[in-house]
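Right, one structure below, let's go through it.
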Amino acid sequence: MLNAIRSAIERSSAALNRETELQALRESYAALSRREREVMALVVSGRLNKQVGGELGISEITVKAHRGKVMRKMKAGSLPDLVRMAARLRPSGEVNTKA
């Protein structure tokens, strides 16, 4: 019985930690501008900076600037980190990768 209670508490704690992390991701994503969100969606979908610029009608240098801001605001250490963050946000419909 005691083991079942410990197990339930551990599962509850893990779920609470996951929800706390997801809430922090949502807050970071909410801090992005509309353009930064557009750039993020295209970058995490695998497009190159040049392709993102072409789709959004902005220069490659501007894409790099937006991308840098996205990385800082999302606290992503690398592009794969950003892709994982986007994947975690996606089930709630927050990141539109079909921009």
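The values are calculated or read from the model by the stated rules, or taken from the named source; none is laboratory data. Here the structure is a predicted model, which means the values were calculated and not measured. Counting neighbours? That spans all protein chains shown, and the Cβs are built from the backbone with ideal geometry, glycine included. Note: areas computed on protein heavy atoms with side chains; ligands, DNA, RNA excluded. Shrake-Rupley method; radii C 1.70, N 1.55, O 1.52, S 1.80 Å.
Couple of notes before you dig in:
- Residue selected from the stretch 19-53 under the condition among the small types (Gly, Ala, Ser) and over 17 Å from residue 80 (Cβ atoms), by the criterion farthest from the chain's Cα centre (by Cα): 53
- Residue within the stretch 48-55 that is of a type in the set (Gly, Ala, Ser) and out of contact with any Leu (no Cβ under 7 Å at 6 or more places or on another chain) present: yes
- Residues within the stretch 20-76 that are in contact with a Lys or Arg (Cβ under 9 Å, 6 or more places away or on another chain), outside any helix (DSSP H, G or I) and among the polar types (S, T, N, Q), tallied: 2
- Residue within the stretch 2-9 that is surrounded by 14 or more Cβ atoms within 10 Å (Cβ to Cβ), free of Cβ contacts under 8 Å to residues at least 60 places away in the same chain and assigned to a helix (DSSP H, G or I) present: no
- Matching residues, the stretch 45-57, being within 23 Å of residue 76 (Cα to Cα) and open to solvent by 20 Å² or more (accessible area, probe 1.4 Å): 45, 46, 47, 48, 49, 50, 51, 56
- Answer residue from the stretch 11-30, given it is within 13 Å of residue 89 (Cβ to Cβ) and among the small types (Gly, Ala, Ser) and is surrounded by the most Cβ atoms within 10 Å (Cβ to Cβ) among those: 28
- Residue that is modelled with the highest pLDDT [pool: residues in the stretch 77-95 that are part of a loop (DSSP other than H, G, I, E, B) and surrounded by 14 or more Cβ atoms within 10 Å (Cβ to Cβ)]: 95
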